[in-house]
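Notes to accompany the following structure.
The values are calculated or read from the model by the stated rules, or taken from the named source; none is laboratory data. Just so it is clear, the structure is predicted and the values come from calculations on it, not from any experiment. Counting neighbours? That spans all protein chains shown, and the Cβs are built from the backbone with ideal geometry, glycine included. Accessible surface areas use protein heavy atoms only, side chains included; no ligands, DNA or RNA. Shrake-Rupley method; radii C 1.70, N 1.55, O 1.52, S 1.80 Å.
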Amino acid sequence: MTTSTHYLQIQHLRKSFGSFTALDDISLEIKEGEFICFLGPSGCGKTTLLRAIAGLEQQEEGRIVQAGRDISTLPPQQRDFGIVFQSYALFPNLTVSENIAYGLANMKIPRREREQRVQSLLDQIHLPEIGDKFPGQLSGGQQQRVALARALATEPGLLLLDEPLSALDARVRLHLRNEICALQRKLGITTIMVTHDQDEALTMADRIVVMDHGRIAQIGTPEEIYRQPATEFVARFVGSMNLLPARVLSHNQLMLGRKEVQVPLMLPPCDEGTLGFRPESVQLHAAPWGLDRSEQLVFQAQLEQVHFMGAFVRLELGYDAELPQIHVDLPVEQLHSLNPAVGRALWLSVPAAALKFYPQEGQNRNPVSEAGHNGQMNLGVAAMQVAGA
Amino acid sequence: MSATLSLAAKRGFDTETWLQRLIVAAGVLFLLLALLVPLLTMLVKSLQNGAGEYIGLSNFIAYFSNPALTESILNSLNIAVWTTLIVVSTAFVFAYALTRSGMVGKKGFRLLTMLPLFAPSLLPALSMIYLFGNQGILKDWLPVDSIYGPVGIVMGLSFWAFPHALMILITAFSNSDARLYEAAKSMKTPSWRVFLTVTLPSVRYGLINTIFVIFTLTITDFGVAKVIGGQYNVLATDIYKQVVGQQNFQMGAVVSVILLLPALVSFIVERRVQRHQSSQLSARAVPLQPNKAPLRDALLTLFCTLVCGFLLLVVGMAIYASFITFWPYNMALSFNNYRFDMMDGGGWASYFNSLQMSAWAAVIGTAVVFLVAYMSEKIKPMPTARKLLQLLAMLPMAVPGIVLGLAYIFFFNQPNNPLNLMYGTMAILVLNTLVHFYTVCHLTAVTSLKQIDNEFEAVSASLKVPFYTTLRRVTLPLALPSVLDISVYLFVNAMTTVSAVVFLYSAETTLASVAVLHMDEAGDTAPAAAMAVLLMLTSLAAKTLHWLISHQILQRTQRWRQR
Ligand SMILES: Nc1ncnc2c1ncn2[C@@H]1O[C@H](COP(=O)(O)OP(=O)(O)OP(=O)(O)O)[C@@H](O)[C@H]1O
Ligand SMILES: [Mg+2]
């Protein structure tokens, strides 16, 4: 019935716990071999969505189609997936090998082959020696990898990971990120990972599904999510963003605090909203000469603080007492050439492509921006900057 | 769309879910038939006359207009209040000494206080007769005329209920937060104020809980009052007299309903309190290290020695008396009293019946309890039925044994009930005993299951391993210690219980604990004591065996527990 090339299709999924709506009209399509991250703050329904895909929660409405098969009402044991939980859920009374072989036991595979499979999985997770240990004797990172091997042992078509790295310390986490990605690429297995860590999502995923209060806020590649946050929520949640509350005066005039500015955008017909731009998209100038106000936002602000962040510096500038401080990230060399003193007034310009305007919630839900078409520009640098920040 | 859904639903038919549903349904059916329906039958009987016609509240009116009967209500309350007062205050000091003092020999004291758990409740009553009875060795010490009556009942019950109170209070005292004491000390608070403002509030729920548990235990007790009550009637013995003495089943049902009320009320209060207690301690609490205070510790040691001395005296007296040839005329030691075949009550056969019954109760009971607890905790289908299961599993705690026994007569002895086949067999004794002690077993199983990761079922479903395989390979081994605990708990209680089975045995299935009762009724006090001692020793042996076995099994199968 479904002849699409999508491996997993989720259509209008709805799930509530009592009067609380945990998932609200979720629709989503995932291609074969893709690495998808569900990203969102705590309680937004990421785990619930993952469990619905696994059949561990039953949705009230909506369909799930996996590899052309409608699995909406199938119990978990009739679906095709492997899962790793945040707690790993390794069986403490079984050895590592027995844990990994757990799902192989009832697949009628000869014992020799089973042992080989276990050993090759142990090799793949780079822990060839630990087969005879018990989970209690392993470190957190090792346990995590064993759980991954166990989930992969039966060669499922879909791998589900619920915050697999959140219980680990920062260094191990970075290392395992790469390892999971490498393994996923090698096996080509369609993977969904739940996380509330934006760095994790930005660096690992092919596409990110940002969730907010049981709804999907945006779906896109890490770059799209970072460069074109569809809503103010996404903008706040992913990376850092200057977000200035503004009143709309005309189609290209905004009231920022007590100052009027001209913006190089077509503003929607509404009263209020938020103007947003990334700290690294701002350029600093000693004087406003030669800046075209129809192509960039230009304004003056006072330098209040300079923070050295390693690869770059973060400047905090005061624009208006009623507004939050504006953050600007600059490469260190650029700061040296400019060499501004604290307290000095500087000219800031933001190219139209980097500007977002979000009308206030309930007025007009489409964000306005000019840069929808030229997303090819190299912003990997920006993403990495955020990841490193 | 709806067509595809129903198609998917058909494909979704899977044996596992249906098996789970089947087991849940069987569990609910089991508890309904073995607990709720018998109780309801009894309720109905209390509204009927001898011919089975509905007569409204006439039985109750008859009951309340007979002062000889209603007096028992006050007597029961009297006994329960006094026993609760004595037991709870003694256990409070004892638990304080064990947890908060620098007293030495705590382990030994703790072990000795467990002793009463292994004795049938008839044993302390028989001991009282030898200690303070008409020919008792300490008769002159007794401040009242006769031990046969309230004083004897209270003393016997105090012995028997003490370890139950102590267990709860030790738990309550163990949940201490040293930081509070340090704060109090740094503010130079006098120790009596620390006690009132820190210690007492921290154990308050445990204390209230203990009071209600002991009150329920003692107001519903049958054995002690039966043996040593004399002319002093209480509700539980009234039920027995109405049913066995006068064959007045309706009046038995009425008294049962009346006895059920205080038990239910205190049960409900206790559950409420229990909920508070568990959430009381913050996760960051620092356990208190008991400090030494020579004078206080010496006084507490003296106190604990006296209490344990009393416990040992009671047990020792029963053992000693069981070897006396003919008290008080021939004090030579002999095994004469252990020749049970010469006495009433079924002889040695009843002892072996008891062994058999207890073994069955332990084996079948543990399986049933664990399966039901597993189903109510770990699976997804039928949430409402599983709620009902949990509720029904808590109910037996509130039902006095003698009431359950009578309810079983009413339900299983109906000629038109197909289950009536069980009547008079070993099966009904096993069933009754299991249900009687169900709640504690269920709670033990649930507690250990709650400590096992909830995602194991999800993981095995994702690996296409059926839930029963995971139950066998993972969950059961992990819960093994508590499974063994449940089985020994069932065995010991099945060995020593009297109240519930006293109505249900037949000529072929006489039980040792009931034999104690009958030998005592027939005036053979010494053989009764001998049998009671034998039951206690058997229970102790079972417990020792359990300890050895669990030690062995845990050593062998739980290698993973070591790091
Ligand atoms: N079984 C349940 N019963 C009632 N409410 C639930 C249940 N499971 C989840 N919820 C609620 O649904 C919402 C979404 O839960 P979910 O676990 O999916 O969040 P999450 O996005 O995974 O958050 P986290 O990052 O904290 O894991 C939460 O508000 C949670 O309280
Ligand atoms: Mg979650």
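Values for this structure:
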read-out: Residues of segment B:213-228 satisfying the condition of being at pLDDT below 90 and outside any helix (DSSP H, G or I); value: B:Thr220, B:Asp221
read-out: Any hit, segment B:440-449, residues being within 18 Å of the chain's Cα centre (by Cα), open to solvent by 50 Å² or more (accessible area, probe 1.4 Å) and aliphatic (A, V, I, L, M); value: yes
read-out: Residue count for segment A:58-79, restricted to those that are open to solvent by 40 Å² or more (accessible area, probe 1.4 Å) and either within 13 Å of ligand 1 (Cβ to nearest atom) or without any contact (Cβ under 8 Å) to a residue 40 or more places away in the chain (or both); value: 4
read-out: Residue within segment B:176-194 that is of a type in the set (D, E, K, R) and crowded, with 18+ Cβ neighbours inside 10 Å present; value: yes
read-out: Members of segment A:12-23 found to be surrounded by fewer than 16 Cβ atoms within 10 Å (Cβ to Cβ), part of a strand (DSSP E or B) and away from ligand 2 (no atom under 16 Å from the Cβ), listed by number; value: A:His12, A:Ser16
read-out: Selection count where residues are free of Cβ contacts under 8 Å to residues at least 24 places away in the same chain and charged (D, E, K, R), scope segment A:140-168; value: 1
read-out: Filter result for A:Ala235 (more than 14 Å from chain B (Cβ to nearest Cβ), under 25 Å from A:Asp329 (Cα atoms) and away from ligand 1 (no atom under 16 Å from the Cβ)); value: yes
read-out: Neighbours by Cβ (under 8 Å, 6+ apart or cross-chain): first from segment A:246-257, basic (Lys, Arg); second open to solvent by 40 Å² or more (accessible area, probe 1.4 Å) and part of a strand (DSSP E or B); value: A:Arg247/A:Met255; A:Arg247/A:Glu272
read-out: Filtered residue count, segment A:304-317, keeping only those that are within 16 Å of A:Ala345 (Cα to Cα) and either open to solvent by less than 20 Å² (accessible area, probe 1.4 Å) or in contact (Cβ under 8 Å) with a residue 40 or more places away in the chain (or both); value: 2
read-out: Spans of helices (runs of 4 or more DSSP H) in segment B:421-480 with at least 1 residues more than 10 Å from every other protein chain (Cβ to nearest Cβ) and within 24 Å of B:Met397 (Cα to Cα); value: B:426-436, B:438-450
read-out: Identity of the residue in segment A:157-170, within 14 Å of chain B (Cβ to nearest Cβ) and of a type in the set (D, E, K, R), that ends up nearest to B:Val465 (Cα to Cα); value: A:Asp162
read-out: Test: residue in segment A:37-54 that is closer than 20 Å to B:Ala461 by Cβ and more than 11 Å from ligand 1 (Cβ to nearest atom); value: yes
read-out: Selected residue (criterion: nearest to ligand 2 (Cβ to nearest atom)) from residues of segment A:25-56 that are acidic (Asp, Glu) and open to solvent by 40 Å² or more (accessible area, probe 1.4 Å); value: A:Asp25
read-out: Of residues in segment A:80-89 being open to solvent by 20 Å² or more (accessible area, probe 1.4 Å) and within 16 Å of A:Arg145 (Cβ to Cβ), the one farthest from the other protein chains (Cβ to nearest Cβ); value: A:Gln86
read-out: Residue within segment A:96-109 that is within 16 Å of ligand 1 (Cβ to nearest atom), at positive phi and either open to solvent by less than 10 Å² (accessible area, probe 1.4 Å) or out of contact with any Gly (no Cβ under 8 Å at 6 or more places or on another chain) (or both) present; value: no
read-out: Test for A:Asn99: is it at the interface with chain B (Cβ under 9 Å from one of its Cβ atoms) and not aliphatic (A, V, I, L, M); value: no
read-out: Helices (runs of 4 or more DSSP H) enclosed by segment A:140-214 - at least 3 residues per element that are within 16 Å of ligand 2 (Cβ to nearest atom); value: A:198-204
read-out: Only one of B:Ile73, B:Ile55, B:Ile86, B:Ile79 that is in contact with a helix residue (DSSP H, G or I) (Cβ under 6 Å, 6 or more places away or on another chain) and either open to solvent by 10 Å² or more (accessible area, probe 1.4 Å) or without any contact (Cβ under 8 Å) to a residue 60 or more places away in the chain (or both); value: B:Ile86
read-out: Which listed residue is under 30 Å from A:Pro92 (Cβ atoms), of a type in the set (A, V, I, L, M) and either open to solvent by less than 30 Å² (accessible area, probe 1.4 Å) or within 17 Å of the chain's Cα centre (by Cα) (or both), from B:Val516, B:Val483, B:Val501, B:Val533; value: B:Val483
read-out: Subset tally (residues that are among the hydrophobic types (A, V, I, L, M, F, W, C) and under 19 Å from A:Leu243 (Cβ atoms)) for segment A:279-296; value: 1
read-out: Filtered residue count, segment A:318-337, keeping only those that are part of a strand (DSSP E or B) and without any contact (Cβ under 8 Å) to a residue 24 or more places away in the chain; value: 2
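To keep it simple, each residue is scored yes or no on (1) farther than 19 Å from A:Arg79 by Cα; (2) within 12 Å of chain B (Cβ to nearest Cβ).
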site	(1), (2)
A:Ser19	yes, no
A:Asp24	yes, no
A:Ser27	yes, no
A:Glu32	no, no
A:Gly40	yes, no
A:Leu49	no, no
A:Ile53	no, yes
A:Glu57	no, yes
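Residue-by-condition table, conditions (1) touching an Asp or Glu at 6+ places or on another chain (Cβ under 8 Å); (2) acidic (Asp, Glu); (3) free of Cβ contacts under 8 Å to residues at least 60 places away in the same chain; (4) surrounded by fewer than 17 Cβ atoms within 10 Å (Cβ to Cβ):
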| residue | (1), (2), (3), (4) |
| --- | --- |
| B:Met128 | no, no, no, no |
| B:Asn134 | no, no, yes, yes |
| B:Asp140 | no, yes, yes, yes |
| B:Val151 | no, no, yes, no |
| B:Leu157 | yes, no, no, no |
| B:Phe162 | no, no, no, no |
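Results for (1) polar (S, T, N, Q); (2) under 19 Å from B:Ala119 (Cβ atoms); (3) assigned to a loop (DSSP other than H, G, I, E, B); (4) modelled with pLDDT of 80 or more, shown as yes or no for each residue.
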{"residue": "B:Arg275", "(1), (2), (3), (4)": "no, no, no, no"}
{"residue": "B:Ala283", "(1), (2), (3), (4)": "no, no, yes, no"}
{"residue": "B:Gln289", "(1), (2), (3), (4)": "yes, no, yes, no"}
{"residue": "B:Lys292", "(1), (2), (3), (4)": "no, no, yes, yes"}
{"residue": "B:Leu312", "(1), (2), (3), (4)": "no, yes, no, yes"}
{"residue": "B:Val315", "(1), (2), (3), (4)": "no, yes, no, yes"}
{"residue": "B:Ser322", "(1), (2), (3), (4)": "yes, yes, no, yes"}
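Condition check ((1) more than 13 Å from every other protein chain (Cβ to nearest Cβ); (2) crowded, with 22+ Cβ neighbours inside 10 Å; (3) among the hydrophobic types (A, V, I, L, M, F, W, C); (4) within 16 Å of ligand 1 (Cβ to nearest atom)) across all residues:
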residue: A:Leu127; (1), (2), (3), (4): yes, no, yes, no
residue: A:Leu138; (1), (2), (3), (4): no, no, yes, no
residue: A:Val146; (1), (2), (3), (4): no, yes, yes, no
residue: A:Glu155; (1), (2), (3), (4): no, no, no, no
residue: A:Val172; (1), (2), (3), (4): yes, no, yes, no
